[in-house]
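Comments concern the structure below.
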Amino acid sequence: MPTDHYFTAQPASDGELRSVQVRLADQDVDVVTAGGIFSPDGVDRGSVVLLKEAPAPPAEGTFLDLGCGWGPLALTLALRSPTAIVHAVDVNERALDLCRRNAGSAGCSGIRVSTPDAVDPTTTFDLIWSNPPIRVGKAVLHDLLTTWLPRLAQGPASAAYLVVQKNLGADSLQSWLGDALPPLMGDVAVTRVATSKGFRVLRVARRI
């Protein structure tokens, strides 16, 4: 599978936009997508599993959608928790433009769409949701996760939920996270909270 959609692309022209209706946060939401991004035809299977299996987000706080694409996870977080701040980050400029458009049309004023380096490095997150880009390779993936997961806020309620395809190394990633994260963020529990339709949902949280 090509991995071009993980990296920088120019924003789509109006003629390239596709209108799609999706079901997010128990409501029908009209979004725009385009070619050159991940899952342009709707919500991908992994994100569907994460949205079904992850606990409902807190009513408020600072959240992160890591690798937001056109925005299904960020939109869900914002629709579920309207007073929360949701950082939606991606390296693909086309995806960021689409996510920004979709946040605006859905009335999600709490979504902050940006490249990773535009997020204040002192910001911590009460909740992280991610369908991480497994196909970019281990080195890039590991750097991504060890950069962002240690930014979980202190406290017993803070957690990250990752959805990973089982046959693309979900179990080995769970084991690796259990070894790699403690030197960066202290005692950590990396647990499997669900298995569905060929995907694992992993939870990362500090042991308090």
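Among residues of segment 97-112 being in contact (Cβ under 8 Å) with a residue 40 or more places away in the chain and of a type in the set (A, V, I, L, M), the one that is farthest from Arg18 (Cα to Cα) is Ile111. Selection over segment 30-53 of residues that are of a type in the set (S, T, N, Q) and within 13 Å of the chain's Cα centre (by Cα) gives a count of 1.
Annotation: Gly104 fulfils all but one of (1) part of a loop (DSSP other than H, G, I, E, B); (2) closer than 29 Å to Pro11 by Cβ; (3) of a type in the set (Gly, Ala, Ser); the unmet one is (1). Being under 16 Å from the mean Cα position of the chain (by Cα), of a type outside the set (Val, Ile, Thr) and part of a loop (DSSP other than H, G, I, E, B) is the filter here; which residues of segment 120-162 pass it? Correct list: Asp126, Asn131, Pro132, Pro133, Ser158.
For segment 90-124, give me each residue that is more than 20 Å from Asp28 (Cα to Cα), buried (at least 24 other Cβ atoms within 10 Å of the Cβ) and either touching a strand residue (DSSP E or B) at 6+ places or on another chain (Cβ under 9 Å) or not polar (S, T, N, Q) (or both). Within segment 90-124, Asp90, Ala95, Leu96, Val113 qualify.
Residues in segment 1-51 that are modelled with pLDDT of 95 or more, among the small types (Gly, Ala, Ser) and surrounded by 20 or more Cβ atoms within 10 Å (Cβ to Cβ): 2 in all.
Conditions (1) modelled with pLDDT of 95 or more; (2) under 19 Å from Thr124 (Cβ atoms); (3) surrounded by 16 or more Cβ atoms within 10 Å (Cβ to Cβ), marked per residue:
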site	(1), (2), (3)
Tyr161	yes, yes, yes
Leu168	no, no, no
Asp171	yes, no, no
Ala189	yes, yes, no
Ala194	yes, no, yes
Phe199	yes, no, yes
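For Arg206, are the conditions met, namely being touching a Ser or Thr at 6+ places or on another chain (Cβ under 9 Å), basic (Lys, Arg) and under 30 Å from Arg18 (Cβ atoms)? Against the criterion (touching a Ser or Thr at 6+ places or on another chain (Cβ under 9 Å), basic (Lys, Arg) and under 30 Å from Arg18 (Cβ atoms)), Arg206 does not qualify. Against the conditions (1) in contact (Cβ under 8 Å) with a residue 40 or more places away in the chain; (2) under 18 Å from the mean Cα position of the chain (by Cα), Arg192 satisfies every one except (1). Contact map, segment 165-177: residues that are within 15 Å of Arg45 (Cα to Cα) paired with residues that are at pLDDT 95 or above and in a helix (DSSP H, G or I), Cβ distance under 7 Å, separation 6+ or inter-chain. Pairs shown: Gln165/Gly46. Scanning segment 71-87 for residues that are assigned to a loop (DSSP other than H, G, I, E, B) and out of contact with any Pro (no Cβ under 6 Å at 6 or more places or on another chain) returns Gly71, Pro82, Thr83, Ala84. Taking every residue in segment 27-45 that is at positive phi and pairing it with any residue that is surrounded by fewer than 20 Cβ atoms within 10 Å (Cβ to Cβ) and part of a loop (DSSP other than H, G, I, E, B), at least 6 positions away or on another chain, the pairs with Cβ-Cβ distances below 9 Å are Gly36/Ala9; Gly36/Gln10.
The values are calculated or read from the model by the stated rules, or taken from the named source; none is laboratory data. Small disclaimer: the values here were computed from a predicted structure and weren't measured. Glycine also receives a Cβ, built like all others from the backbone with ideal geometry; neighbour counts cover every protein chain displayed.
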